[in-house]
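The values are calculated or read from the model by the stated rules, or taken from the named source; none is laboratory data. Bear in mind the structure is a predicted one, so any value in this text is a computation, not a measurement. We place every Cβ from the backbone using ideal geometry, glycine too, and count neighbours over all the protein chains shown.
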Amino acid sequence: MTDLWLILALLLLPLACFIAWPLLRGNGKVASAPSDDVDASTQAALYREHLAELEASRASGAVDEAQYQSLKNELARKLLAEEGGSYRVSQARKGGRGLLFVLAFALPFTAVGLYFYWGAHQDLSLHRDLVASQSGETDMVAEARITQQLKARVQSHPEDISSRYVLAQRLLVSNDLQGAIAQYRYIVAHEPDAANIRAELAQALFFGNGSKMSPEVLHEVDQVLAIQPNNTTALGLAGIAAFDREDYAGARDFWQRAQAQMTPGSSAAQALAAGVARAEKAIADAGGQVAVNEAPQAGSPESAKGSEGGANRIALKVTLPDNIQSSPDTPVFVYARTADSPMPVAIVRLTAADLPADVVLDESRAMMPGRSLKTVDEVELVARLAINGNARPAPGDWQGEIKGLTRADWGKSIHISINEKI
């Protein structure tokens, strides 16, 4: 906010100086007013003396009535010419000085007050917090505050689609899937042609359904592809749907089309290449044939990634000690994340009634395209009992974690006990 105050000061200072300049410039003239008052009283006394003499001359008959009126008017004109103008200017200066002082100080404060009443200083503060969040300069407390500010913003300004979209993305990343879905649905209802946002809605619905397809997800995917045939998110979901119904050739085609839109060698492109390889293997296992020009070359990155499919998974057992009391429907979040980011690369949602449970984190549990277990070599595992039902960690929750788990240890037996209170 410092630069905002500097800008306001730079804008208001010239105004204050402009108003105060007559005061600074006219101090000497205003100071001379007392002497002007003395001269004015002397001139008035002389006028009265000359008028008395003139009236005496008229009474004695020395001047007639016409001469008397002419000489009287001449005396009055002389008095006005010598002292009347300066007297009035002096008085005006005295009377306006206080008003100028009031304006010099009142206008800047009034402008600042009106800015805080009508201006967008709260929006500016929220924008700064969002920039800091995107650059990784915020902690969990600040992240929770930003999310709450965005919720308040969309409540007070429901027409602000941009803030609602940012909120939807944050809720999706924090695994508040139902909250994200609600925000995406609102946006799509008001912007039905926003294909990218509709694709993100389909993705949120997919995750909210336990990473399984549903008629609503398929409907949204069809809507997106009708508007944007090469939308990568929709193509990825369409490929998953085709693979689930054992249309492996269709799944391969969808994923290849999505892969063609990606930067070669990027993590997203590699993940799609692994999907293409899995689909082609399924085609071969089913007795079909794979086109030679579409098959990954031996030793290529795609082939290497495809052969590592079993390595991109972590199997673990999650338990809850008997002395920790909770309702059966209390959410339990089990996820893998990197040390430099709170965003999970794979996540599973359970309930306390499901524990103890054997959990598998793999590519199907990724939250965002291009960010999954395939793209990292070391993770932290967290299992958290969310007492308050929030996706973000909160005081009162219970959790267990394993830090610094390298890829070489992903295939080993892993156990997490939820026994530490936050």
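Answer yes or no as to whether residue 363 is surrounded by 17 or more Cβ atoms within 10 Å (Cβ to Cβ) and more than 13 Å from residue 418 (Cα to Cα). Yes: the conditions hold for residue 363. Against the list (1) within 23 Å of residue 173 (Cα to Cα); (2) crowded, with 22+ Cβ neighbours inside 10 Å, the condition residue 254 fails is (1). Just one of the listed residues (175, 196, 230) is in a loop (DSSP other than H, G, I, E, B) and out of contact with any Phe, Trp or Tyr (no Cβ under 9 Å at 6 or more places or on another chain), namely 230. Filtered by the rule that a residue be assigned to a loop (DSSP other than H, G, I, E, B) and under 24 Å from residue 198 (Cα atoms), the range 233-265 gives 245, 261, 262, 263.
Can you find even one residue in the range 276-290 that is of a type in the set (Lys, Arg), outside the structural domain of residue 373 (by TED's automatic domain parsing) and under 20 Å from residue 374 (Cβ atoms)?
First, pick out the residues of the range 276-290 that are of a type in the set (Lys, Arg): 278, 281.
Still in the running and outside the structural domain of residue 373 (by TED's automatic domain parsing): 278, 281.
Next, only the ones that are under 20 Å from residue 374 (Cβ atoms) stay: 278, 281.
Within the range 276-290 (the criterion being of a type in the set (Lys, Arg), outside the structural domain of residue 373 (by TED's automatic domain parsing) and under 20 Å from residue 374 (Cβ atoms)), the answer is yes, since at least one residue qualifies.
Would you call residue 145 surrounded by fewer than 21 Cβ atoms within 10 Å (Cβ to Cβ), in a helix (DSSP H, G or I) and outside the structural domain of residue 359 (by TED's automatic domain parsing)?
Details: surrounded by fewer than 21 Cβ atoms within 10 Å (Cβ to Cβ): yes; in a helix (DSSP H, G or I): yes; outside the structural domain of residue 359 (by TED's automatic domain parsing): yes.
In short, yes.
Taking residue 180, is it crowded, with 23+ Cβ neighbours inside 10 Å and assigned to a helix (DSSP H, G or I)? First the steps, then the outcome.
Numbers: crowded, with 23+ Cβ neighbours inside 10 Å: yes; assigned to a helix (DSSP H, G or I): yes.
Criteria met by residue 180.
If you filter the range 364-383 down to residues that are touching a Gly at 6+ places or on another chain (Cβ under 8 Å), outside any loop (DSSP other than H, G, I, E, B) and not acidic (Asp, Glu), you find that the one that is farthest from residue 269 (Cα to Cα) is 383. State all residues of the range 366-412 that are of a type in the set (Gly, Ala, Ser) and buried (at least 16 other Cβ atoms within 10 Å of the Cβ); if no residue qualifies, say none. Residues satisfying the conditions are 366, 370, 372, 383, 386, 391, 400. When residue 406 is tested against (1) closer than 25 Å to residue 202 by Cβ; (2) free of Cβ contacts under 8 Å to residues at least 40 places away in the same chain; (3) of a type in the set (S, T, N, Q), just one condition goes unmet, and that condition is (1).
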